[in-house]
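Chemist: Dumping the structure here so I can ask a few things about it.
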Amino acid sequence: MLHFVNLLAQTEQAGQTGNGSIDQATRWLIEFKDYLFEQGPVFLINLTAALLIFFIGRMIANWIVSLSGSTMKRAKLDDTLIKFAKSILSWALLAFVIMAALERLGVNTTSFAAVVAAAGLAVGLALQDSLSNFASGVMLILFHPFRVGNYIEAGGTSGIVEEIQVFNTILRTPDNVQIIVPNGQITSDKIKNYAANELRRIDLVVMCGYDDNLREVKQFLEELLAADERILDEPAPVIVVDELADNGVNLLVRPWTRTSQYWDVRWALVEEIKNGFDDRGFSIPYPTRDLHLYNHDKANAG
């Protein structure tokens with residue numbers, strides 16, 4: 001094949017030199033004709049074999065990819081990981097088939113493979129951050145620190161997980177803003193998954209005045225928690241005096257509820273505590289400060 005290309009180039013060059021080179025061009029054409037008669041059948045056989053290798057190899061590669069996908073599904077791997085693994089395997093097998101076909105045609109694939117490897121190294125160095133995000137994405141898909149629909153705090157931001165991609169994780173904030181976070185930032189920092197567990201504890205600090213009857217305040221809070229069906233009996237809610245503060249008595253109110261109902265219960269409790277305090281005459285003390293005035297001039301005069 002290379003000989004055929006050289007003959008064409010030489011023929012074209014001979015045609016440009018003028019009439020004096022017509023005889024030489026004719027000899028080249030004769031040599032080309034002889035080459036076709038001698039090497040043409042071999043080249044056609046090699047070309048046919050290369051095409052068969054390519055098409056049959058591609059069919060086998062597709063079958064292997066499909067079989068691998070079914071195996072991973074039976075192993076209950078994540079769908080995102082399955083799609084990614086199938087894509088990588090498909091490209092790798094296709095490259096192998098193409099190399100085999102080119103080898104059958106007589107192309108030296110050793111140097112070609114070296115060029116591809118060098119190019120891959122250069123691309124890898126240029127895309128270090130992307131490769132880091134890719135590795136982090138694989139870790140997130142494999143180990144499941146969070147799932148789609150969870151509310152998380154990670155990578156310096158927080159939101160509901162909408163999609164876990166290979167390079168990025170897409171979050172949606174409560175006010176419906178989309179945030180795309182590189183996976184490398186997520187795995188390099190701490191991850192808070194607020195939806196990881198089925199139950200969650202509500203932590204409230206309620207202050208009453210020193211003049212209020214503490215037993216009646218605690219009884220009101222106990223009745224309030226017991227009346228809400230969304231608050232669980234087990235684990236049992238906790239109501240304790242935490243601190244005798246400067247302005248009043250701090251009580252810790254810690255009931256348990258389902259994670260999906262956390263904010264509804266919390267907001268309802270805060271409102272009901274305020275209304276209950278008003279109805280029962282309990283006080284919620286304001287910060288106070290005693291101010292002592294000192295008359296400097298009068299002190300000097302005395």
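Read the figures in this text as sums done on the coordinates, not as results from a lab. It should be emphasised that the depicted structure is a prediction, and the values quoted were computed from it without experimental measurement. As a convention, Cβ positions derive from the backbone with ideal geometry for all residues, glycine included, and neighbour counts pool all protein chains shown.
Chemist: Fewest Cβ neighbours within 10 Å first, please rank Phe134, Phe220, Phe55 accordingly. Show your work: numbers first, answer last.
Modeler: Working: Phe134 16, Phe220 21, Phe55 12.
Fewest to most other Cβ atoms nearby, the residues stand as Phe55, Phe134, Phe220.
Chemist: Next up: Taking 0.36 nm per residue of separation and subtracting the Cα-Cα distance, what length does fully extending Asp279 through Arg58 add? Walk me through the intermediate numbers first.
Modeler: Working: separation 221, 0.36 × 221 = 79.56 nm, distance 7.85 nm.
Contour length minus Cα-Cα distance gives 71.7 nm.
Chemist: Rounded, prolate or oblate: which fits segment 163-269, taking a ≥ b ≥ c as square roots of the Cα gyration tensor eigenvalues, rounded meaning a/c under 1.5, else prolate when a/b beats b/c?
Modeler: On the way: a/c = 3.14, a/b = 2.26, b/c = 1.39.
Since a/c reaches 1.5 and a/b is larger than b/c, the shape of segment 163-269 is classed as prolate.
Chemist: Evaluate the distance, in nm, between pseudo-label points positioned 7 Å from the Cα of Leu199 and of Asn150 along their respective Cα→Cβ axes.
Modeler: 2.0
Chemist: Measure off 7 Å from each Cα along the Cα-to-Cβ vector at Arg74 and Val42, then give the distance between these two points in nanometres to one decimal.
Modeler: Between Arg74 and Val42, the label points sit 4.8 nm apart.
Chemist: Moving on. Test of understanding: what is the full-extension gain from Trp263 to Leu244, defined as 0.36 nm times their sequence separation minus their Cα-Cα distance?
Modeler: 4.0 nm
Chemist: A further question follows. With the crude spin-label approximation of a point 7 Å out along Cα→Cβ, what separation in nm comes out for Gln219 versus Ile180?
Modeler: In this crude spin-label approximation the distance works out to 6.1 nm.
Chemist: List the residues whose amide H sits under 5 Å from the amide H of Met207, counting only those 5 or more places along or on another chain, with H placed 1.01 Å from N in the peptide plane.
Modeler: The answer is Leu251.
Chemist: Pull out a ≥ b ≥ c, the square roots of the eigenvalues of the alpha-carbon gyration tensor of segment 142-193, then state rounded if a/c is under 1.5, prolate if not and a/b is larger than b/c, and oblate in the remaining case.
Modeler: rounded
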